[in-house]
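Presented below is the structure to which this report refers.
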Amino acid sequence: TVVGLGSGDADQLTLGVWRRLQKTERRFVRTEKHPMMKIFGDNDLTYTSFDSLYEQLDSFPDVYAAITEALIGQAKSLPAASELIYAVPGHPMVAERTVQLLRERCPQEGIELVILGGESFLDQAFTRLGFDPIEGFVLLDAAELKPSQ
């Protein structure tokens, strides 16, 4: 199960995500460098972080592939009817390459993938900037942009 930790305000964490985090014993986080990690410590929730991969590998694509591979390996080793949680900053479907990779790979591996949302940085941006994205909004990943000639 992939969960979104929201934009960093504990009051914005969904109740469903919070309950899932408390119930599940096998927790993984993409990074410890997020304000919501304080709630893990305050509530004695153990977890495994993938921060070391950012230091070991040369590129973000390599890091995301390694995280995906590790999570699939962990999921395959679970007993039937067991669950692991992978927590990401923000919303899992907003700018989270590992979630895209899991969506591609899990069906091939026979792994049931559940995604539970969370507030993304975009929610805060829309509120603070005071506009509705329906009026015109494009999100681009700078790492994917190619220079024009």
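Being modelled with pLDDT under 85, closer than 16 Å to residue 2 by Cα and of a type in the set (S, T, N, Q) narrows it down to one of 148, 49, 120, so name that one.
120
How many residues are within 18 Å of residue 51 (Cα to Cα) and in a helix (DSSP H, G or I) if we restrict to the range 89-100?
Result for the range 89-100: 3.
Test each condition in (1) open to solvent by 20 Å² or more (accessible area, probe 1.4 Å); (2) at positive phi for residue 56 and report the one that comes out false.
The failed condition is (2).
For residues that are part of a loop (DSSP other than H, G, I, E, B) and over 16 Å from residue 91 (Cα atoms), tally how many sit in the range 125-139.
6
Let me confirm something: among 104, 109, 144, which residue is closer than 21 Å to residue 65 by Cβ, free of Cβ contacts under 8 Å to residues at least 24 places away in the same chain, charged (D, E, K, R) and touching a helix residue (DSSP H, G or I) at 6+ places or on another chain (Cβ under 9 Å)?
Sole residue among the options that is closer than 21 Å to residue 65 by Cβ, free of Cβ contacts under 8 Å to residues at least 24 places away in the same chain, charged (D, E, K, R) and touching a helix residue (DSSP H, G or I) at 6+ places or on another chain (Cβ under 9 Å): 104.
Say whether the condition of being of a type in the set (S, T, N, Q) and open to solvent by less than 100 Å² (accessible area, probe 1.4 Å) is met by at least one residue in the range 128-149.
no
From 64, 86, which residue is part of a strand (DSSP E or B), surrounded by 12 or more Cβ atoms within 10 Å (Cβ to Cβ) and hydroxyl-bearing (Ser, Thr, Tyr)?
None of the other options fit; the residue is 86.
Which one of 58, 42 is out of contact with any helix residue (DSSP H, G or I) (no Cβ under 7 Å at 6 or more places or on another chain) and more than 19 Å from residue 8 (Cβ to Cβ)?
Testing whether each residue is out of contact with any helix residue (DSSP H, G or I) (no Cβ under 7 Å at 6 or more places or on another chain) and more than 19 Å from residue 8 (Cβ to Cβ) leaves just 58.
For residue 33, only one of the following conditions fails: (1) out of contact with any helix residue (DSSP H, G or I) (no Cβ under 6 Å at 6 or more places or on another chain); (2) modelled with pLDDT under 95; (3) open to solvent by 60 Å² or more (accessible area, probe 1.4 Å); (4) over 19 Å from residue 3 (Cβ atoms). What is its number?
Unmet condition: (4).
Considering the range 1-21 alone, what residues qualify as being outside any loop (DSSP other than H, G, I, E, B), under 21 Å from residue 112 (Cβ atoms) and polar (S, T, N, Q)?
Those that are outside any loop (DSSP other than H, G, I, E, B), under 21 Å from residue 112 (Cβ atoms) and polar (S, T, N, Q): none in the range 1-21.
Condition first: in contact (Cβ under 8 Å) with a residue 24 or more places away in the chain and loosely packed, with under 13 Cβ neighbours inside 10 Å. Now tell me which residues in the range 67-83 satisfy that.
Answer for the range 67-83, where residues must be in contact (Cβ under 8 Å) with a residue 24 or more places away in the chain and loosely packed, with under 13 Cβ neighbours inside 10 Å: 76, 78, 82.
Which numbered condition trips up residue 99, out of (1) without any contact (Cβ under 8 Å) to a residue 40 or more places away in the chain; (2) surrounded by 15 or more Cβ atoms within 10 Å (Cβ to Cβ)?
(1)
The values are calculated or read from the model by the stated rules, or taken from the named source; none is laboratory data. Everything quoted here is computed from the prediction, not taken from an experiment. Neighbour counts are summed over all protein chains in view; Cβ atoms, including those assigned to glycine, are modelled from backbone coordinates with ideal geometry. Keep in mind that these areas ignore ligands, DNA and RNA; they rest on the heavy atoms of the full protein, side chains included. Shrake-Rupley method; radii C 1.70, N 1.55, O 1.52, S 1.80 Å.
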